[in-house]
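Colleague: The structure that follows is given in the form of structure tokens.
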Amino acid sequence: MATNQQVKLLGFAGSPFVARAELALKLKGVQYEYIQESLTNKSDLLLKSNPVHKKVPVLLHNNQPICESLVIVEYVDETWTGHPILPSDPYHRALSRFWSRFIEDQVMPPVFKAAWNPNKQERVKGAEEAREALKILDKELKVNGKFFNGDSVGFLDIAALIIFYWVPIIQEASEFNVYSGDKYPKLGKWSQEVLNDPVVKGVLPPRDVLLSFFKARFQSIVNSK
Amino acid sequence: MANEVTLLDFWPSPFGMRVRIALAEKGIQYEYKDEDLRNKSPLLLQMNPVHKKIPVLIHNGKPVCESLIAVQYIDEFWNNKSPLLPSDPYQRAQARFWADYADKKIYDAGRRSWTTKGEEQEAAKKDFIECLKLLEQQLGDKPYFGGDNLGYVDVAIVPFYSWFEAYEKFGNFNIEAECPKFIAWAKRCLQKESVAKSLPDQHKVYDFVLQMRKKLGVE
């Protein structure tokens with residue numbers, strides 16, 4: 001039986017990966033303690049809990065660590081009842097996992113390259129690759145209802161939030177353009193539903209703070225040689 | 001409803017082997033189709049339009065792509081025997097984490113060990129051995145990553161063992177000398193019928209890689 005005691009989340013404000021973990025916990029109504037980490041001065045707890053990757057988010061449940069944002073989301077779904085996050089049937093579960101993998105492996109790496117690679121040619125290449133991936137996502141993914149799989153926020157909605165909220169801010173800060181709701185109306189409509197959900201709104205960091213942070217990061221890359 | 005299962009695969013693919021092992025563990029009858037990757041079938045292109053890659057599991061006409069996703073699907077649909085993922089959520093999370101780690105590290109470092117030369121190759125070999133050593137630590141005293149029986153992580157990792165002769169010959173290193181425990185675990189897995197019939201002979205894979213290297217001009 002799951003208990004709400006001793007649930008801690010190691011995170012960094014602004015991280016889209018931490019937001020996934022928070023969203024899962026909030027959808028399930030789990031009480032947790034949020035511990036803010038510093039990326040330049042990682043705590044002993046973080047290093048001990050995630051020795052392999054040394055990254056946030058890390059969920060600590062009764063002192064046992066769970067790492068990797070999407071692994072955390074599945075763990076939260078399986079541990080706490082109410083508001084199912086993954087669909088119940090195996091085929092739709094496979095689809096949710098497939099598209100979340102696509103976002104992690106095909107969409108986000110080129111976006112990050114387009115935003116922060118120190119080499120301008122590489123940034124241009126990254127933007128091209130990101131556009132190709134988003135085109136495929138828009139073409140092949142089928143949204144079955146208000147959210148990806150029906151009427152409530154689920155696994156893929158949580159995984160895709162990084163595209164809906166973070167990518168527009170990152171591309172503005174790094175002066176490139178790969179995604180907009182106008183360019184991809186199907187994704188745009190889906191993103192509006194997700195961004196308007198009250199629980200989702202509760203985990204989104206303020207836009208202006210993120211924009212400043214990413215602008216500063218881009219400037220420091222462009223200015224260094 | 002009759003279960004019609006087809007697997008689109010390519011015999012040396014470690015990703016395909018994962019799905020073969022899972023199907024065998026569950027005792028599922030299926031049709032195996034070996035693809036010519038230079039001339040992909042219309043069925044493959046239709047079933048996996050996003051990646052156009054094998055393996056693709058087709059169950060009653062519906063495709064499931066990506067090997068680890070297919071293994072989880074098999075485990076969840078045929079949930080009446082030989083569970084691959086543990087029942088405890090924390091153990092499941094650990095299994096997912098380590099399968100994901102293996103996916104990111106073993107394939108990449110292994111591939112670099114036979115497709116590169118010089119400094120790059122040395123770095124790849126170092127990464128590869130480090131990765132196996134970390135996995136040895138994870139295994140601990142257990143016979144399998146899954147505990148007493150073959151589990152999700154075993155299925156995810158053991159296929160790479162069929163590539164070890166190729167990695168060793170082209171990388172010029174001795175994996176068993178560095179990671180004896182890992183090799184012992186792999187051989188233990190091969191005692192299982194599901195694994196033995198899903199993995200091709202190491203020498204056959206070596207010949208395949210030899211041909212690939214010639215084609216890629218890595219000599």
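The values are calculated or read from the model by the stated rules, or taken from the named source; none is laboratory data. Since the model is a prediction, treat every value here as computed from it, not as a measurement. Cβ: placed from backbone, ideal geometry, glycine included. Neighbour counts: every protein chain shown.
Colleague: Would you check which residues across the range B:123-148 are in a loop (DSSP other than H, G, I, E, B) and in contact (Cβ under 8 Å) with a residue 12 or more places away in the chain and list them?
Modeller: Of everything in the range B:123-148, those that are in a loop (DSSP other than H, G, I, E, B) and in contact (Cβ under 8 Å) with a residue 12 or more places away in the chain turn out to be B:143, B:145, B:146.
Colleague: When only residues in the range B:180-201 that are surrounded by 15 or more Cβ atoms within 10 Å (Cβ to Cβ) and polar (S, T, N, Q) count, which is farthest from the chain's Cα centre (by Cα)?
Modeller: Checking each candidate, the answer is B:194.
Colleague: If you go through the range A:194-212 one residue at a time, do you hit one that is more than 18 Å from residue A:73 (Cα to Cα), surrounded by 20 or more Cβ atoms within 10 Å (Cβ to Cβ) and hydroxyl-bearing (Ser, Thr, Tyr)?
Modeller: Scanning the range A:194-212 turns up no residue that is more than 18 Å from residue A:73 (Cα to Cα), surrounded by 20 or more Cβ atoms within 10 Å (Cβ to Cβ) and hydroxyl-bearing (Ser, Thr, Tyr).
Colleague: Restricting attention to the range A:28-47, does a residue exist that is assigned to a helix (DSSP H, G or I), within 13 Å of chain B (Cβ to nearest Cβ) and under 28 Å from residue B:135 (Cβ atoms)? Talk me through it step by step, then tell me what you get.
Modeller: First, the residues of the range A:28-47 that are assigned to a helix (DSSP H, G or I): A:44-47.
Subset that is within 13 Å of chain B (Cβ to nearest Cβ): none.
For the range A:28-47, residues assigned to a helix (DSSP H, G or I), within 13 Å of chain B (Cβ to nearest Cβ) and under 28 Å from residue B:135 (Cβ atoms): absent.
Colleague: Hey, among the residues in the range A:73-83 that are closer than 14 Å to residue A:158 by Cβ and among the acidic types (Asp, Glu), which one's nearest to the other protein chains (Cβ to nearest Cβ)?
Modeller: Looking at the filtered set, the residue picked out is A:74.
Colleague: If you go through the range B:14-65, how many residues are closer than 16 Å to residue B:200 by Cβ and surrounded by fewer than 16 Cβ atoms within 10 Å (Cβ to Cβ)?
Modeller: Here the count works out to 3.
Colleague: Residue A:107 - would you say it is out of contact with any strand residue (DSSP E or B) (no Cβ under 9 Å at 6 or more places or on another chain) and either within 11 Å of chain B (Cβ to nearest Cβ) or modelled with pLDDT of 95 or more (or both)?
Modeller: On the way: out of contact with any strand residue (DSSP E or B) (no Cβ under 9 Å at 6 or more places or on another chain): yes; either within 11 Å of chain B (Cβ to nearest Cβ) or modelled with pLDDT of 95 or more (or both): yes.
Here the answer is yes, as residue A:107 does meet what is asked.
Colleague: Continuing with the same structure: Residue under question is residue A:40, and the condition is that it be hydroxyl-bearing (Ser, Thr, Tyr), under 30 Å from residue B:74 (Cα atoms) and either more than 15 Å from the chain's Cα centre (by Cα) or at pLDDT below 95 (or both); does it hold? Give the derivation first.
Modeller: Details: hydroxyl-bearing (Ser, Thr, Tyr): yes; under 30 Å from residue B:74 (Cα atoms): no; either more than 15 Å from the chain's Cα centre (by Cα) or at pLDDT below 95 (or both): yes.
So residue A:40 fails the test.
Colleague: For the range B:175-192, what are the residues that are assigned to a helix (DSSP H, G or I) and touching a residue at least 24 places away in the same chain (Cβ under 8 Å)? Lay out the reasoning, then the answer.
Modeller: So the first thing to find is which residues in the range B:175-192 are assigned to a helix (DSSP H, G or I), and the list is B:175-178, B:180-190.
Within the range B:175-192, B:175, B:178, B:181, B:182, B:185, B:186, B:188, B:189, B:190 meet the criteria.
Colleague: How many residues are at pLDDT 95 or above, in a loop (DSSP other than H, G, I, E, B) and over 24 Å from residue B:165 (Cβ atoms) if we restrict to the range B:2-19? Spell out the reasoning first.
Modeller: The initial filter retains those residues of the range B:2-19 that are at pLDDT 95 or above, namely B:4-19.
Cutting the leftovers down to in a loop (DSSP other than H, G, I, E, B) gives us B:4, B:10-13.
Checking which are over 24 Å from residue B:165 (Cβ atoms) leaves us with B:4.
Qualifying residue count for the region: 1.
Colleague: Among the helices (runs of 4 or more DSSP H) contained in the range B:20-121, which hold 2 or more residues that are facing chain A (nearest Cβ under 9 Å), touching a residue at least 24 places away in the same chain (Cβ under 8 Å) and hydrophobic (A, V, I, L, M, F, W, C)? Give the derivation first.
Modeller: Values: elements: B:42-47, B:67-77, B:89-115.
Because the criterion is at least 2 residues that are facing chain A (nearest Cβ under 9 Å), touching a residue at least 24 places away in the same chain (Cβ under 8 Å) and hydrophobic (A, V, I, L, M, F, W, C), the helices (runs of 4 or more DSSP H) in the range B:20-121 that meet it are B:67-77.
Colleague: Also, quick follow-up: May I ask you to list the residues in the range A:118-176 that are in a helix (DSSP H, G or I), within 14 Å of chain B (Cβ to nearest Cβ) and either closer than 21 Å to residue A:92 by Cα or not charged (D, E, K, R) (or both)? Lay out the reasoning, then the answer.
Modeller: Step one: filter the range A:118-176 for residues in a helix (DSSP H, G or I), giving A:120-140, A:155-173.
Next cut, within 14 Å of chain B (Cβ to nearest Cβ) only: A:132-140, A:155-156, A:159.
Those that are in a helix (DSSP H, G or I), within 14 Å of chain B (Cβ to nearest Cβ) and either closer than 21 Å to residue A:92 by Cα or not charged (D, E, K, R) (or both): A:133, A:134, A:136, A:137, A:138, A:139, A:140, A:155, A:156, A:159.
Colleague: Here's a follow-up. Would it be correct to say that residue A:109 is within 28 Å of residue B:108 (Cβ to Cβ), touching a helix residue (DSSP H, G or I) at 6+ places or on another chain (Cβ under 9 Å) and assigned to a helix (DSSP H, G or I)? I'd like the intermediate steps shown before the answer.
Modeller: Values: within 28 Å of residue B:108 (Cβ to Cβ): yes; touching a helix residue (DSSP H, G or I) at 6+ places or on another chain (Cβ under 9 Å): yes; assigned to a helix (DSSP H, G or I): yes.
Yes; evaluated as a whole, the condition is true for this residue.
Colleague: Continuing with the same structure: Test residue B:195 against the criterion of being among the aliphatic types (A, V, I, L, M), outside any loop (DSSP other than H, G, I, E, B) and in contact with a Pro (Cβ under 9 Å, 6 or more places away or on another chain), and give yes or no.
Modeller: On the way: among the aliphatic types (A, V, I, L, M): yes; outside any loop (DSSP other than H, G, I, E, B): yes; in contact with a Pro (Cβ under 9 Å, 6 or more places away or on another chain): yes.
Answer is yes for this residue.
Colleague: Still on this structure: Out of the residues in the range A:84-136 that are among the hydroxyl-bearing types (Ser, Thr, Tyr) and within 19 Å of the chain's Cα centre (by Cα), which is farthest from residue A:152 (Cα to Cα)? Working first, answer last.
Modeller: First pass over the range A:84-136, keeping only residues among the hydroxyl-bearing types (Ser, Thr, Tyr): A:88, A:91, A:96, A:100.
Checking which are within 19 Å of the chain's Cα centre (by Cα) leaves us with A:96, A:100.
Values: A:96: 14, A:100: 17 Å.
By that ranking, first place goes to A:100.
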